[in-house]
Amino acid sequence: MDGPIGIQDLATNENFHEAPLADIAPGVVSTWRSVLRNWLVQDSPYIAMLLLALFGVTFHMPATYWVVLTPLFGVICVASGWHHFERQEDRLQLAYTQALSWLALIFTIYVLYNNVVQGVLNSSATSLAMMALLALGTFVAGLQSRVWRICAVGGILLLAVPAMGWLEQSALLIAIVILAIVAVGFLTWWVGQRQWGSARRT
């Protein structure tokens, strides 16, 4: 015969408070891990573009660094924008346009790091000028490839030029700015995913 539930019964009852919490907590943790993993995989090329450019300016990397970095930016732009074009002719035109644009930037890097120009500009001014050129090239490449994230990377890099000059290239403040950029990017992606999921359910 069932009687009133006592305190000991509540303590030993497996279906009381602890069981649902134990079942829910791992699900929440795994969901957040999945969201974070998907975001890092999806937006990792754009985060890498930001970090590599800021690294080059902060540590006054030589022309070789920028010459290697520039084609990498071009490959990311072509790969990101490839699926936005349905016809093969449009995709090939995207590849040709991107190749010519980034080759022009490489030639500009050669001019900027020429001995004559280096006699006028110091290393800090050269790095900031290089970042401004890279920001402009990245923004234009984002427009050509129809990828708004690449345009955002170019805009952030352009805004970082005067900011880094004002901050006098403080490593701590630059790290804080980078973390803020990554956090804003993650929140933007997460909100977009929630809206997309809500639209699918309706």
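The values are calculated or read from the model by the stated rules, or taken from the named source; none is laboratory data. Bear in mind that the values here come from a model prediction, so they are computed numbers and not experimental data. A quick note on method: Cβ atoms are made from the backbone with ideal geometry, for glycine too, and the neighbour counts reach across all protein chains shown. With ligands, DNA and RNA removed, areas are computed over all heavy atoms of the protein, side chains included. Shrake-Rupley method; radii C 1.70, N 1.55, O 1.52, S 1.80 Å.
You can think of it this way: the chain between Asp43 and His83 has 12.8 nm of extra reach, that is 0.36 nm per residue less the Cα-Cα gap. Treating r as the C-beta distance of Leu121 and Leu100 and R0 as 22 Å, the FRET efficiency rounds to 0.25.
Average accessible surface for segment 81-145: 58 Å² per residue, computed with a 1.4 Å probe over protein heavy atoms with every protein chain in place. Shown here for segment 70-130: chymotrypsin sites (Phe, Trp or Tyr not before Pro) in loop regions (DSSP other than H, G, I, E, B) with at most 16 other Cβ atoms within 10 Å, namely Phe85. Largest first, the residues Val57, Val68 sort by 1.4 Å accessible area into Val68, Val57.
With all protein chains present, how much of the accessible area of segment 38-98 (probe radius 1.4 Å) comes from carbon and sulfur, to the nearest whole percent? It is 68 percent, rounded to a whole number.
Take Leu159: with every protein chain present and a 1.4 Å probe, its accessible area is about 130 Å².
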